[in-house]
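The values are calculated or read from the model by the stated rules, or taken from the named source; none is laboratory data. Computed from a prediction, not measured in an experiment: that's the story for all the values here. Virtual Cβ from ideal backbone geometry, glycine too; neighbours counted across all protein chains shown.
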Amino acid sequence: MKIRQGFVSNSSSSSFCIYGIDVADADEAALAAKVKEAFPDEEIDEDTGTSELCEILEKKTSLEVHNMEDYSYIGRSWCCIGGEETGNQFKANVEELVKKFFGDGSKCETIEQAWYDG
């Protein structure tokens with residue numbers, strides 16, 4: 001039996017673990033209104049899709065975005081907790097940002113995703 005040690009160059013896989021929410025592409029209009037309100041300098045019109053809106057969020061806030069099929073996963077990676085930041089402070093910070101853009105009904109949770117495309 002052969003054991004491969006090292007990087008496999010033809011493999012295409014990805015994974016992430018964030019504290020945040022998932023947003024369906026169907027929520028585009030509400031998200032566009034919030035992003036436009038928060039960042040009036042950004043050019044946002046009716047053709048701006050969810051992935052572009054999420055890119056603006058990622059660029060302008062500490063949130064990160066992972067796009068996958070019909071959903072965008074938005075939050076912060078657990079590995080990004082600051083040295084002086086507690087877990088509860090980390091969660092509160094993410095929840096505050098998420099509620100600002102997605103409303104008080106947004107419930108944050110730990111989201112783990114992994115997939116292989118090959």
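Annotations
- Residue check, Ser15 modelled with pLDDT of 80 or more, over 19 Å from Glu96 (Cα atoms), within 15 Å of the chain's Cα centre (by Cα) and outside any helix (DSSP H, G or I): yes
- Selection within the range 59-97: residues that are in contact with a strand residue (DSSP E or B) (Cβ under 7 Å, 6 or more places away or on another chain) and small (Gly, Ala, Ser). The member of this set that is nearest to Ala38 (Cα to Cα) is Ser62.
- Test: Ile111 is of a type in the set (A, V, I, L, M) and under 19 Å from Val35 (Cα atoms): no
- Being surrounded by fewer than 17 Cβ atoms within 10 Å (Cβ to Cβ) and either of a type in the set (Ser, Thr, Tyr) or at positive phi (or both) holds for only one residue in Glu69, Glu58, Glu42, Glu52, and it is Glu69.
- Residues that are assigned to a loop (DSSP other than H, G, I, E, B), at pLDDT 85 or above and over 24 Å from Ala114 (Cβ atoms), drawn from the range 47-80: Thr61
- Qualifying residue in the range 72-94 (condition: surrounded by fewer than 16 Cβ atoms within 10 Å (Cβ to Cβ), of a type in the set (A, V, I, L, M) and free of Cβ contacts under 8 Å to residues at least 12 places away in the same chain): yes
The rows are residues; the columns are (1) more than 11 Å from the chain's Cα centre (by Cα); (2) more than 19 Å from Ala30 (Cα to Cα); (3) assigned to a helix (DSSP H, G or I).
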residue: Gly82; (1), (2), (3): yes, yes, no
residue: Lys91; (1), (2), (3): yes, yes, yes
residue: Leu97; (1), (2), (3): yes, no, yes
residue: Lys100; (1), (2), (3): yes, no, yes
residue: Asp104; (1), (2), (3): yes, no, no
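- Residue in the range 28-46 that is over 15 Å from Phe101 (Cα atoms), modelled with pLDDT under 80 and among the aliphatic types (A, V, I, L, M) present: no
- Residue list for the range 98-118, restricted to those being of a type in the set (A, V, I, L, M, F, W, C), modelled with pLDDT of 80 or more and touching a strand residue (DSSP E or B) at 6+ places or on another chain (Cβ under 6 Å): Val98, Cys108, Ile111
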